[in-house]
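Here's the structure, in structure tokens; my notes come after.
The values are calculated or read from the model by the stated rules, or taken from the named source; none is laboratory data. Just so we're clear, the structure is a prediction, and the values are computed from it rather than from any experiment. Backbone-built Cβ (ideal geometry, glycine too); neighbour counts: all protein chains shown. Please note that ligands, DNA and RNA were not included when accessible areas were found on the heavy atoms of the full protein model with its side chains. Shrake-Rupley method; radii C 1.70, N 1.55, O 1.52, S 1.80 Å.
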Amino acid sequence: MSETTTDCLFCRILAGDIPADIIYESDTAIAFRDINPQAPTHVLIIPRKHVATINDIDPGDEEIVGSLYSAARDIAAAEGIAEEGYRAVMNCNEGAGQSVFHIHLHLLGGRTLSWPPG
Ligand code: AMP
């Protein structure tokens, strides 16, 4: 798996080739607002490293993947949804709704979120 791919939408956002409303950046991850928000807060947190799906996470990527959750914690606090609650979810493959094949944590909040999801 290459580190970046020119045909990956999120790699192109990382490269600055496609605009996005970026609200968070760290050494390992960035976050930007979803273009089609499903909640008042809907942020996508992605690793700088290109990893297509959860199935493609390599041994040694744990710190990178963990950093997505640290970002979620900090963004939720900044968005004012940490106490009321929020969801951090990652879809894997088409059957679960994944449409962009560069792993991303959806951070959703600002409304009541039902369970189970559809
Ligand atoms: P998933 O279906 O889990 O792969 O999530 C992909 C998400 O990327 C969807 O919620 C889309 O709305 C979002 N998305 C697609 N293109 C863009 C874009 N250019 N900027 C921000 N979000 C996007």
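Find the residue count for the stretch 81-106, including only residues that are within 11 Å of the ligand (Cβ to nearest atom) and part of a strand (DSSP E or B).
3
Mind counting the residues in the stretch 50-63 that are open to solvent by 40 Å² or more (accessible area, probe 1.4 Å) and out of contact with any helix residue (DSSP H, G or I) (no Cβ under 8 Å at 6 or more places or on another chain)?
Selection size over the stretch 50-63: 8.
Can you pull out every residue in the stretch 10-19 that is within 13 Å of the chain's Cα centre (by Cα) and open to solvent by 40 Å² or more (accessible area, probe 1.4 Å)?
Correct list: 14 only.
Of the conditions (1) touching a residue at least 40 places away in the same chain (Cβ under 8 Å); (2) at negative phi; (3) more than 12 Å from the ligand (Cβ to nearest atom); (4) surrounded by 15 or more Cβ atoms within 10 Å (Cβ to Cβ), residue 111 satisfies every one except a single condition; which number is it?
(4)
Name the residue, out of 69, 86, that is of a type in the set (Ser, Thr, Tyr) and crowded, with 16+ Cβ neighbours inside 10 Å.
Within the list 69, 86, the selection yields 86.
Considering only residues that are touching a residue at least 12 places away in the same chain (Cβ under 8 Å) and surrounded by fewer than 19 Cβ atoms within 10 Å (Cβ to Cβ), look in the stretch 21-34 and name the one that is nearest to the ligand (Cβ to nearest atom).
Among those residues, the one meeting the criterion is 34.
Under 7 Å between Cβ atoms, at least 6 apart or on separate chains: pull out the pairs that start in the stretch 55-69 with a residue that is more than 18 Å from residue 25 (Cα to Cα) and end on any residue that is open to solvent by 50 Å² or more (accessible area, probe 1.4 Å).
Within 7 Å, the pairs are 56/1.
Examine the stretch 53-63 for a residue that is within 13 Å of the ligand (Cβ to nearest atom) and not basic (Lys, Arg), and state whether such a residue exists.
Yes, the conditions are met somewhere in the stretch 53-63.
Between 22, 75, 45, 57, which is among the aliphatic types (A, V, I, L, M) and over 23 Å from residue 96 (Cβ atoms)?
22
Would it be correct to say that residue 43 is within 22 Å of residue 117 (Cβ to Cβ), open to solvent by less than 40 Å² (accessible area, probe 1.4 Å), touching a helix residue (DSSP H, G or I) at 6+ places or on another chain (Cβ under 8 Å) and not in a strand (DSSP E or B)?
No, not satisfied.
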